[in-house]
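A.B. asks: To start, I am sharing the structure in question, which I have written as structure tokens.
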């Protein structure tokens, strides 16, 4: 393709792409405006707890990180214990040492679609007969960003 | 009148790529099962990628990106601004590949939100393969549509 045609073609592509972005901006702005009455807080399941509430518990909460050891090492809630399905048998004794019947256990994972926190909370209820066990809504990302 | 095989293949590929992006955009905008906006769910999925700790850019992307997917998909389907649509979709496919690869490399256990709400954690190899296939399809279409040689008919047609 000659140089001038190539330049024309690039300009055409950019112009068309900008037109599409501009067209998309209109309904996006409208839908964003409609949703400004945003229900910022999703309803909680019975065993879930919001980050703000968990934060307010302070020393009354025992945080349990249900992610992998590698993710735990990269960053976790201060004072949180590691307890995951992969190393359940090895990590449970340490958790039981730290557990206090007066404390609420708050389990978290990577939030959203991760199931690890739910699974660990379930095992705690079934196998360890614990009742005051909650799953942190939104998990680690929500704890960091709010 | 017989349609040349390469034109038929190009048309099928174009419709398939457009359909994927129209569907992906639509389910990120509206949760058809719940009959409600899907933006908040998508914003949550985006947040799980942990690319930024700030909520505002996540919300902006969660609102705007699905409409870009939808608009570019429709443009490709209707063959309006076709080259621009292909370029945009190519960029989006690369961004999706990057985000997915980065989440996989960091060992995140998340739902990607690629096609609306997913109950299970993302199967990264599968989603990366899908995105790569999509990118190859877009690149192929772009290659077929780009004018070559002395008669860049698409340029003259677009400007007329």
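The values are calculated or read from the model by the stated rules, or taken from the named source; none is laboratory data. Being a predicted model, the structure only gives us computed values, none of them experimental. Positions of Cβ are generated from backbone atoms using ideal geometry, with glycine treated the same way; all protein chains shown enter the neighbour counts.
A.B. asks: Kindly indicate which of A:96, A:130, A:81 is in contact with a helix residue (DSSP H, G or I) (Cβ under 6 Å, 6 or more places away or on another chain), more than 12 Å from every other protein chain (Cβ to nearest Cβ) and surrounded by fewer than 18 Cβ atoms within 10 Å (Cβ to Cβ).
C.D. replies: A:130
A.B. asks: For segment A:3-24, which positions are surrounded by 16 or more Cβ atoms within 10 Å (Cβ to Cβ) and either under 18 Å from residue B:71 (Cβ atoms) or at pLDDT 90 or above (or both)? Explain how you work it out, then say what you get.
C.D. replies: In the first step, residues of segment A:3-24 are kept if they are surrounded by 16 or more Cβ atoms within 10 Å (Cβ to Cβ); the result is A:5, A:8-9, A:12-13, A:16-17, A:19-21, A:23-24.
Passing the criteria: A:12, A:13, A:16, A:17, A:19, A:20, A:21, A:23, A:24.
A.B. asks: Next up: Does segment B:57-86 hold any residues that are without any contact (Cβ under 8 Å) to a residue 12 or more places away in the chain and within 17 Å of residue B:31 (Cα to Cα), and which are they?
C.D. replies: If the condition is that a residue be without any contact (Cβ under 8 Å) to a residue 12 or more places away in the chain and within 17 Å of residue B:31 (Cα to Cα), then B:64 is the only one that fits.
A.B. asks: Still on this model: So which residues in segment B:70-100 are within 10 Å of chain A (Cβ to nearest Cβ) and in a loop (DSSP other than H, G, I, E, B), if there are any at all?
C.D. replies: B:80, B:81
A.B. asks: Just to check your reading of the model, which residue among A:111, A:33 is facing chain B (nearest Cβ under 10 Å) and more than 21 Å from the chain's Cα centre (by Cα)?
C.D. replies: A:33
Yes/no per residue for (1) farther than 18 Å from residue B:47 by Cβ; (2) at pLDDT 85 or above; (3) surrounded by 12 or more Cβ atoms within 10 Å (Cβ to Cβ):
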{"site": "B:103", "(1), (2), (3)": "no, yes, yes"}
{"site": "B:123", "(1), (2), (3)": "yes, no, yes"}
{"site": "B:133", "(1), (2), (3)": "yes, yes, yes"}
{"site": "B:138", "(1), (2), (3)": "yes, yes, yes"}
{"site": "B:150", "(1), (2), (3)": "yes, no, no"}
{"site": "B:154", "(1), (2), (3)": "yes, no, yes"}
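A.B. asks: Which of (1) within 30 Å of residue B:7 (Cα to Cα); (2) in contact with a strand residue (DSSP E or B) (Cβ under 8 Å, 6 or more places away or on another chain) is the odd one out, the single condition residue B:41 does not satisfy?
C.D. replies: Of everything listed in (1) within 30 Å of residue B:7 (Cα to Cα); (2) in contact with a strand residue (DSSP E or B) (Cβ under 8 Å, 6 or more places away or on another chain), residue B:41 misses just condition (1).
A.B. asks: Can you find a residue in segment B:47-69 that is out of contact with any strand residue (DSSP E or B) (no Cβ under 9 Å at 6 or more places or on another chain), buried (at least 23 other Cβ atoms within 10 Å of the Cβ) and either assigned to a loop (DSSP other than H, G, I, E, B) or at pLDDT below 85 (or both)?
C.D. replies: yes
A.B. asks: Restricting segment B:27-46 to residues that are more than 8 Å from chain A (Cβ to nearest Cβ) and assigned to a helix (DSSP H, G or I), which is farthest from residue B:106 (Cα to Cα)?
C.D. replies: Checking each candidate, the answer is B:27.
A.B. asks: Could you say which residue among B:11, B:85 is surrounded by 14 or more Cβ atoms within 10 Å (Cβ to Cβ) and at pLDDT 85 or above?
C.D. replies: When all the criteria are applied, what remains is B:85.
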